[in-house]
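Comments concern the structure below.
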Amino acid sequence: MQTSIIPQLRDTADGQEADRILRACTHCGFCTATCPTYQLVGDERDGPRGRIYMIKQVLEGEEPTEKTQRHLDRCLTCRACETTCPSGVEYAKLADIGRELVDQKVQRPLPQRVVRWLLRHIVAYRNRFGFVFALGHFFKPLLVGPLAPLRQKMPPKQERIDWPQADNTQRTMLVHDGCVQPVAAPNTNAHAARILSKLGVRLIAPKASGCCGALSQHLSHREEALDFARANIDAWWPHIEAGAEAIVITASGCGASVAEYGYMLRNDPVYADKAARVSELTRDLSDVLAQEDLTSLGDIGDGRKVAYHPPCTLQNAPGLHDNVAEILTQAGYQLTHVQDPHLCCGSAGTYSILQPTMANELRDNKLASLNAGAPDVIVTANIGCQLHLEAAAGIPVRHWIELLEPRMAQPAAA
Amino acid sequence: MAHADLAASTEQALGGAPRKQQLIERLTAELPADIVLHADEDLRPFECDGLSAYRQVPMIVVLPSTIAQVQTTMRICHDNDVPVVARGAGTGLSGGALPLDDGVLLSLAKFNRILDIDTDNRRATVQPGVRNLAISEAVSHLGLYYAPDPSSQIACSIGGNVAENSGGVHCLKYGLTTHNIVQIEIVTVEGERLTIGSSALDSPGFDLLALMTGSEGLLGVIVEVTVKLLAKPELARVALVAFDDVRKAGDAVAAIIQAGIVPAGLEMLDNPAIVATEEFVHAGYPKDAAAILLCEVDGTEAEVEEDIERVREVVEREGATEVRISRDDGERALFWAGRKAAFPAMGRISPDYYCMDGTIPRKALAEVLIGIGELSEEYGQRVANVFHAGDGNLHPLILYDANQEGELERTEAFGGAICRLCLEHGGSITGEHGVGVEKIDQMCVQFPSAELTQFHAVKEAFDPKGLLNPGKAVPTLHRCAEFGAMHVHNGELPHPELERL
Amino acid sequence: MSEHADLSRELSERVADAAAREAPLAIRGGGTKAFLGERSEGEALDVTGHRGIVSYEPGELVLTARAGTPLTEIEAALADAGQMLPFEPPHHGANATLGGTIAAGVSGPGRPFFGAARDLVLGTRIVNGRGEDLRFGGEVMKNVAGYDLSRLMAGAHGTLGMLLEISLKVLPAPRARATRVFEHDAATAIEQINAWQRKPWPITAAYWEDGRTYLRLAGAQSSVDSAIRALGGEALTDDGTFWQSVREQTRKFFEGDDPLWRLSVAPATPMMDLEGPTALDWAGAQRWLRSAAPAETVRAAVSSHGGHASIYRGDASPRFHPLPKALMALHRRVKQSVDPAGILNRGRLYPDF
């Protein structure tokens, strides 16, 4: 597509990157076919091509209003569009640039600013979030107004299970601990550690690591995201130097972000190399397990029916490989047929909180297709999807790793 | 360029902002306000379709979701003499959905539901915004599919397919859109609802279904389509055949047909197209080949085995350097994936590309290919060729950079020369993308004025005020006279009956 | 090859002259399909002299011939090259011409599988009601430049233009063919024929009459053989003669003076409660009814299933299924756009048309 970026932006790093991405777009519209919001509302402005166009307008000097902002907000950043783009348009990167640009020009109303500030300053920090989470359970009835969507985000507290005994003879891998998951589903990483331990791998969760940065990134605070990335790199680096084989991701939303550290910090002279190395080592848990011999785990599933929801970050973002279905099948589970697996469930990070209407509609559709095969349990690979779906599923929604532990394999009654 | 003419054709009707305000008021008085878009910021994303070289911000966009809302919009526009351009998925490649600055753009993208699947009669009734591929996906479990498969089938809408009479890679055997639909519902320019065609294989009176198909939104707004569904072939296999010479590849196409085989698909890519698509899809195309053919045969297992071997014999006799036959559906899909992504994949080797769409008799394939190569040198622009070779339908993709001044104009001139080359070989300026605004001038070369006059008369039967997609598909004689002054062929002045401007 | 004569200039002039005088013309080919539709008003205009195959290249799968060319001549030329007219047009007499066949828009048993006359038309050269010699479409498989006036001519019974030349898509004749017979009542036949079509069997015709379903399979020998093994049925020897009798209505079913109705419906439409025997062609989509029931009764029954009924033999007016008012008005405007004086086959399609 023809572009004419205004001079003030043309020479900035963002301006050049945006121009490079825009020039690849041929306006063919293939992207609209896999865009969950376009398929829902049939409005050019709520599809990738329309959003690209709106971003292009801003880069070309048009003054955006809250309307452009709203349509960019409605994007899930699920990146399904990138998988159908034959021209290789890196939409998500463009969206990040566009959103930040628009947010600089269009001030949001106060309630929106408050919610966004809270998300960035509380949810992204597991101690603060843990505190609020505990508080939230106590004050659940008070979550009203713009905070109402949070109410259904409150899963029951998990009874913590133990990590395996440290065994220093084993191979080592790092696990990303993140922000929301250790609070809302602390057992996911423990399960991963236990399974890997059986396979001769010791999982280390460095205490100093924190949010991957995706929250800030999606809320148009890319500098803040870079700080999170640097902090994580600092926390992991000694272990990497000591021979950790991989950074294992149990929440693909974080994984997609960590896998991009190399790109995000490409212009940082101090961190660029380390970041690239970190991205290289980043692997989804299913990808790690698929490389190991799982026969020792035995037939755990016993033919029970499981509906798998692959998170967008696992199927669309480059850098992560999804082997969940193969592993569960190998473990003896029967995977049910799920229509339109490419469509997002509506969780999409903070999306379900900021865009509840669209998110819930997407969730209803997703649950209808997940439940169509009458599964005993729904599994996924990302904490965001898990909490979002669980709130309305009617049957248990788990991280798939839980299904590999024999005593956990019995799905709890709904 | 078409812009000036389009603006001129409609400027007499309306007089700017107050007019727009009036229309907004009338529309919002009867329609929900949030489906009537009029701010520049909202309108911009609609300024072009799949042919982004042509852009025009519409006066108003309406996003109806019910037929009643379409009727209301049409009635109000008709009463106020406002032109209307209907738009489906906006994937068209001839600018058929290019808006008008004084018109309403009627988006049918919200009409995205499949209304009925009639397994017994093998039909599906769908709303016009349903994606082509979504139909086949929805009936796949019944062993059925919808045959026409334009390359954009993942995204293009069935309403747009009917308006353009879209083809695809399987037309030679299974036909175009016109062969695969039985009934449509339209809303006329006055806002009246009509059923065209029937649930039977034919209908009484004139074959208006044939007339409506491919009429590029100039005769009515399609609001519902009933398509035929076919049984999925038991087996399909593709032969990927490489040649070291385009002439040999062209001759092989004719030889396959002559051998009595009707391939389900017969496609050709030349070297630049092979290289570009291979980079994206990694379909295993031989990057050193001068051209490849993809020849698909389908049917029962026995038939396919028999035919694919015959194809192998024929192409080997014609000098193929390599023949690979798909072993399973996965490999077959991979072979096709490259072809299906061929157009936009040009975005990887060139900032912009201009997709042409001529048809020629199959026998002229090699000659026209060589002619295009010569033109490419003459105009100094690269071209990659993707052909529905079985149908003699060429898609030369001219590569250019829209950010370089003058390149688009040179590209358009190059495209015009390719159209004339097709006509010289007894072909047509468009096989399946439609005329739109893009080839409106070439229509003057393909049709003498009497035929064009007849087209206008037919248009008048449906749309006396000329409000449906004006300025597209069929040029005015004055436009041709203007264009003809620039392109005089064989010393004859086209349309001599017209006073020169 | 046979006679060649190009009368396009003379014929155009005849029409132009008639147009000037506003004198209706009754276009006439071999006269074999005159029984279809109403009687055309006006001076007879014979086009049988305008004849000959203009071009035919088997490698292109396209044949172009003048309207007056005998259908037998075209079929013979195609057969020589191992090809065929896929829509298997009924001749209804020895003198059938290509022009009359396309104008009448009639198609034989292969129609649901290969397409109708209109589906195979690639281009036409016509004379409109102003006496203008016009070309639409062409000789290529795909052509979307301008409105599809070529296909519009098929089945218009000459009311939208006098056909001068027609270009058709032709196909290789199948390498092997067989017909199987099954004992079915009508309801079973309808169900079974439609069920078969949900599988990719090489079916090219399906006909039912008097307790028997006749299924024609054609294509590669191996394919026909495997279909026979899977579907069963009894073999029908000399099936060429059988399908010819269906196509030309020479079967006993079509004899006699009882009114003959053609019912066009969606193929799986159940048998309708109408008096008189029914035969099913086009895999159920074209039904023949011998019935003395009033036209209104027949038409109401067919309409309720979304179909239409025309009378082939016997009295009924109009002979073609009446159109809804708005659609009829559109027909008039379309007619007027090509034939403003209304001189071409006036009254042929509908009495006041």
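The values are calculated or read from the model by the stated rules, or taken from the named source; none is laboratory data. Because the structure is predicted, anything quoted here is derived from the model rather than measured. Cβ sites come from the backbone with ideal geometry, for glycine too, and all protein chains shown count toward neighbours. Please note that ligands, DNA and RNA were not included when accessible areas were found on the heavy atoms of the full protein model with its side chains. Shrake-Rupley method; radii C 1.70, N 1.55, O 1.52, S 1.80 Å.
Of note:
- Cα gyration tensor category, rounded, prolate or oblate, for chain A with a/c compared to 1.5: prolate
- Separation of the alpha carbons by more than 18 angstrom is noted, of B:439/B:472; C:169/C:335; A:67/A:105, for C:169/C:335.
- Dipole magnitude of segment A:7-105, debye to nearest 20 (Cβ charges: Lys/Arg +1, Asp/Glu -1, about Cα centre): 240 debye
- Summing Lys and Arg as +1 and Asp and Glu as -1 over all other residues whose Cβ lies under 14 Å from the Cβ of residue B:116 gives a net charge of 0.
- Taking all protein chains as shown and a probe of 1.4 angstrom, residue A:40 keeps an accessible surface of around 40 Å².
- Accessible area buried, both sides summed, chains B and C with 1.4 Å probe, Å²: 6400 Å²
- Per residue, in Å², the accessible surface of the protein assembly as shown once ligands and nucleic acids are set aside, probe 1.4 Å: 35 Å²
- Placing A:236, C:201 in order of accessible area, with the largest value first and a 1.4 Å probe, yields C:201, A:236.
- Cβ-derived FRET efficiency at R0 56 Å, residue B:142 paired with residue A:160, nearest 0.05: 0.70
- Inter-chain shielding of B:170-177 (mean C-beta neighbours from other protein chains, 10 Å cut-off): 3
- Once the Cα atoms are used to define both axes, helix B:365-379 deviates from the longest principal axis of chain B by about 60 degrees.
- Nearest-ten-degree value, helix A:383-393 long axis tilted from longest Cα axis of chain A: 80 degrees
- Filtered chymotrypsin sites (Phe, Trp or Tyr not before Pro), segment C:116-201: DSSP coil and at most 16 other beta carbons within 10 Å: none
- When you restrict to C-alpha pairs under 8 Å that are six or more residues apart and normalise by the size of segment A:171-290, the relative contact order lands at 28 percent.
- For residue A:101, solvent-accessible area (1.4 Å; no DNA, RNA or ligand), Å²: 20 Å²
- With respect to chain B, whose longest principal axis is taken over its alpha-carbon atoms, helix B:2-11 is tilted by about 20°.
- Contact order normalised by residue count of chain B, Cα under 8 Å, 6+ apart, percent: 14 percent
- Relative contact order (%) - criterion: Cα under 8 Å, at least six apart; region: segment A:7-105: 34 percent
- What separates the Cα centres of segment A:13-30 and segment B:414-486 is a distance of 34 Å.
- Selection of trypsin sites (Lys or Arg not before Pro), segment A:172-215, meeting DSSP coil and at most 12 other Cβ within 10 Å: A:207
- Along chain C, longest interval not containing exposed GluC sites (Glu not before Pro), exposed being DSSP loop plus at most 13 other Cβ atoms within 10 Å: C:23-254
- Residues in segment B:208-241 that a label on residue B:116 would reach, taking backbone N under 18 Å of a point 7 Å out along Cα→Cβ: B:223-230
- Under the shape rule built on the C-alpha gyration tensor, where the axes satisfy a ≥ b ≥ c, segment A:7-105 is oblate, since a/c reaches at least 1.5 while a/b does not exceed b/c.
- The distance from the alpha carbon centre of segment C:184-226 to that of segment A:323-355 is 44 Å, rounded to a whole number.
- Computed packing ranks the peptides B:135-144, B:402-411 as B:135-144, B:402-411, most packed first, by mean other Cβ atoms within 10 Å.
- Taking a ≥ b ≥ c as the square roots of the eigenvalues of the Cα gyration tensor, an a/c ratio of 1.5 or more together with a/b larger than b/c marks segment C:18-64 as prolate.
- Inter-part distance where segment C:263-309 and segment A:356-407 are each reduced to a Cα centre, Å: 52 Å
- Here the Kirkwood formula, the inverse mean of 1/r across different C-alpha pairs, assigns segment B:89-244 a hydrodynamic radius of 16.2 Å.
- Note on B:305-317: average number of Cβ atoms from other chains within 10 Å of each residue's Cβ is 1.
- Inter-probe distance in nm under a simple model that places probes 7 Å from Cα toward Cβ, at residue A:208 and residue B:370: 7.2 nm
- Qualifying lysines (Cα of each under 18 Å from Cα of residue A:305; at least 8 residues distant if same chain): A:366
- Between B:289, C:159, A:401, the Cα set farthest toward the positive side of the dipole of the protein assembly as shown (charges on each charged residue's Cβ, about the Cα centre) is that of A:401.
- In Å², nearest 10: area of residue B:329 left accessible to a 1.4 Å probe: 100 Å²
- Considering only the protein assembly as shown, percent of DSSP beta bridges that pair antiparallel, nearest 5: 80 percent
- Phi-based couplings in Hz for segment A:2-17 (Karplus 6.51, -1.76, 1.60; Gly and Pro marked x): 5, 9, 9, 5, 5, x, 4, 9, 4, 9, 7, 4, 5, x, 6, 5
- Each Lys or Arg adds one and each Asp or Glu subtracts one; over the other residues with Cβ under 13 Å from the Cβ of residue C:181, this totals -3.
- Take each residue in C:262-274, count the other chain C-beta atoms within 10 Å of its C-beta, and the mean is 3.
- Those residues of segment A:1-18 for which accessible area with every protein chain present is at least 10 Å² below the isolated value (1.4 Å probe): A:1, A:2, A:3
- Dimensionless Rg over Rh [segment B:352-424; C-alpha; Kirkwood]: 0.97
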